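The values are calculated or read from the model by the stated rules, or taken from the named source; none is laboratory data. Worth saying up front: this structure is predicted, and the values here are computed from it rather than measured. Virtual Cβ from ideal backbone geometry, glycine too; neighbours counted across all protein chains shown. Remember, those area values only see protein heavy atoms, side chains included, never the ligands or the DNA or RNA. Shrake-Rupley method; radii C 1.70, N 1.55, O 1.52, S 1.80 Å.
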Amino acid sequence: MMFFLFSIFLIFCSFGVISSRNPIHSILFLVCVFIFSSVLLFCLEIEFLGLSFILIYVGAIAILFLFVVMMLDLKINDKLFNRLQYDSATYFLIFFLFLELALPISSLNSFTENLYYSNFDWINWLSHIETFTNIQAVGQVLYSYYFIFLLLAGFILFVSIIGSLMLTLTLNKGGDLRS
Amino acid sequence: MFFSLILVLKILLIIVPLLLSVAYFTLAERKIMASIQRRRGPNVIGYLGLLQPLADGLKLFIKETILPTSANIFIFLLAPLLTFFLSLMGWVVIPFGENLVVANVNVGLLYLFAISALSVYGIILSGWSSNSKYAFLGSLRSASQMVSYEVSIGFIVISVVLCSGSFNLSEIIFSQSKVWYCLPLFPMFLIFFVSALAETNRHPFDLPEAEAELVSGYNVEYSAMGFALFFLGEYANMLLMSFLTTILFFGGWLPILNVVPFTFLPGPAWFGAKICIFVILFCWIRAALPRYRYDQLMSLGWKTFLPFSIGWLFFSSSILICFNFLPF
């Protein structure tokens, strides 16, 4: 129940991202999207991933977006013609994407009904005997089965670090000594 | 019904003492700074000036709320509320004593960290929405400062978590029953405290409200309750940071030695005494130290603290692996 409520909020916020005129407002809607999606993860009891989602996306990435957009001198273009030109195309695309998602879901209706509304009355004894925290579960899988992907992700991050260093590096020819 | 009543009572039992302690934190700050500068400090209202914070609160409450005409009103009003609520949200996971905690969650430390990451938004939004140069510059400074010091705090927290083996705050305290982490991780404690000063925009890193340059930083345009909410949020964050320092490095509610004369005092009293030390330290630093320049502040954060905390993380994890000290 909570899951569907928050997913509806999420969809509304993501509409807000693309439909609001002010770029700052759309970034704030983006932040709301991130927060609601981490709330969805909370509903699925994956609280570790949800919190790290908030930490990384909201605490770092969206802040950087906000910084950049605030510094830019953006002119809000609110002419009706432009709105019609761009937004109609956007909503057209969204409609088809939505259709694409909605058709398979509607055909799966009986399955989801079974999943959500059947009254199984059973106790998960395994979880009573041995409880795993999220972090342990993630760690056990990540460092054993998927270690190659972990290494690859590490390499990609390393390359991006080197790249950003090369972009900002200017050889200092007797310049400002204070900094 | 009964359950929700209990829940409301729990929340009130945290919020009311928190607001009271914030009020008396401001009084303590003024008194301590006054005695360092050989003045009396507030001593007129109430016995020894003890009612001064209440009078200040009343004054802020009955002042007129001014909304600048060029401000973005919705975000302008949202920002102080956001700051205040986020500063209250962190207290849910703080254990005040053994089993004295509202929510004993497994990822408590991560939760606190996420909340403090979110609290940047209140500041940056207030600066942008009030549509004034001073507020905007102050909020940019403050936000970039908080973001950059959060990184080194993250690495310090990870090295503590490696030693204790849990993100749960109570378990971190229990794991310090042999030795407090301020002894084996002493450099980390120093860096954590300095980063906490920077994270809460306190002296000597209070660049956002450098009075000479930016009138008072991100909250210039706020009057009355808006300002009061920012103020409360800031001081509650300071208290939260001193709680976090105590939990991570000073063993929370644990006594100094687990022998008879020390164990007479109950756990929360020990906790309170340790918090008082940090509160006094916050005020003392404000009275004693001059302000950093902004580029110095940034280079301290990125070029000194961050490499050192990463290096210490590697060092401590290799020590833990070498001697088979890993907690699980």
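Taking segment B:22-52 as the range and being part of a loop (DSSP other than H, G, I, E, B) and either farther than 22 Å from B:LEU239 by Cα or in contact with a Lys or Arg (Cβ under 8 Å, 6 or more places away or on another chain) (or both) as the test, the residues that pass are B:GLN37, B:ARG38, B:ARG39, B:ARG40, B:GLY41, B:PRO42, B:ASN43, B:VAL44, B:ILE45, B:GLY46. Residues that are assigned to a loop (DSSP other than H, G, I, E, B) and touching a Cys at 6+ places or on another chain (Cβ under 9 Å) within segment B:244-292 comprise B:PHE250, B:GLY251, listed in sequence order. Given (1) of a type in the set (A, V, I, L, M); (2) open to solvent by 10 Å² or more (accessible area, probe 1.4 Å); (3) under 15 Å from the mean Cα position of the chain (by Cα), identify the lone condition not met by B:ALA198. That leaves (2) as the condition not met. Looking only at residues in segment B:109-134 that are facing chain A (nearest Cβ under 10 Å), of a type in the set (Gly, Ala, Ser) and in a helix (DSSP H, G or I), the one that is nearest to B:MET241 (Cα to Cα) is B:SER116.
Per the conditions (1) farther than 16 Å from B:PHE231 by Cα; (2) of a type outside the set (Asp, Glu); (3) touching a Ser or Thr at 6+ places or on another chain (Cβ under 9 Å); (4) open to solvent by 40 Å² or more (accessible area, probe 1.4 Å), the sole criterion not satisfied by B:LEU109 is (4). A search for C-beta distances below 9 Å between a residue of segment A:142-159 that is under 19 Å from A:LEU49 (Cα atoms) and any residue that is in a helix (DSSP H, G or I) and at pLDDT 90 or above, counting only pairs 6+ apart in sequence or on different chains, returns A:LEU142/A:PHE149; A:LEU142/A:LEU150; A:TYR143/A:LEU150.
The residues on offer are B:MET188, B:MET225, and the sole one that is open to solvent by 30 Å² or more (accessible area, probe 1.4 Å) and either assigned to a helix (DSSP H, G or I) or polar (S, T, N, Q) (or both) is B:MET225. Would you check which residues across segment B:152-173 are open to solvent by 20 Å² or more (accessible area, probe 1.4 Å) and facing chain A (nearest Cβ under 9 Å) and list them? Residue satisfying the conditions is B:PHE167 alone. Checked against (1) in contact (Cβ under 8 Å) with a residue 40 or more places away in the chain; (2) within 18 Å of B:GLY272 (Cα to Cα); (3) loosely packed, with under 15 Cβ neighbours inside 10 Å, B:GLY97 passes all but a single condition, namely (3).
Pairs linking a residue in segment B:15-37 that is open to solvent by 20 Å² or more (accessible area, probe 1.4 Å) to a residue that is charged (D, E, K, R), with Cβ atoms under 6 Å and 6 or more positions apart or on different chains, do not occur.
Residues being aliphatic (A, V, I, L, M) and in a loop (DSSP other than H, G, I, E, B) are entirely absent from segment B:53-61.
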